[in-house]
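What follows is one structure encoded as structure tokens, with my remarks underneath.
The values are calculated or read from the model by the stated rules, or taken from the named source; none is laboratory data. All values derive from a computational prediction rather than experimental measurement. Here the Cβ is made from the backbone with ideal geometry for all residues, glycine too, and neighbour counts use every protein chain on show.
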């Protein structure tokens, strides 16, 4: 059996970043681990500093159980350099190169509306973007 992975984002505003990635990927808030009924109960079970808030983290999952879990955690230090690992958001569908590019451009525009920003376009292939906290990702077509 292959190992499963989680992807973890460091951030300054976990609820903001979680909202963006839920919109971008169609993910949902992950339920708390058993036996806890809420994330607040789960969070309270740890011996954490008094200023540590449940809102300092977010846990997202693919509702179909296919994609990796996303952990979004508040950290004190700011982002200082380009990501060494990034997410590629792949838009589905086939067709002509023009049709694929139109879908890529439409998805990039949807993610701009959700709080992302375009960093560069490689017309006909992919768009380089940043989420609301500056984490780079690409939008491209799904492999044929």
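A few remarks follow.
- The single condition among (1) in a helix (DSSP H, G or I); (2) touching a residue at least 12 places away in the same chain (Cβ under 8 Å) that residue 94 does not meet is (1).
- Screening residue 62 with (1) touching a residue at least 12 places away in the same chain (Cβ under 8 Å); (2) over 29 Å from residue 138 (Cβ atoms) gives one miss only, at (2).
- Filtering 63, 68 for residues that are under 16 Å from the mean Cα position of the chain (by Cα), in the same structural domain as residue 29 (by TED's automatic domain parsing) and over 17 Å from residue 8 (Cα atoms) leaves a single hit, 63.
- Verdict on residue 116 being within 19 Å of the chain's Cα centre (by Cα), at pLDDT 90 or above, under 24 Å from residue 22 (Cβ atoms) and surrounded by 16 or more Cβ atoms within 10 Å (Cβ to Cβ): yes
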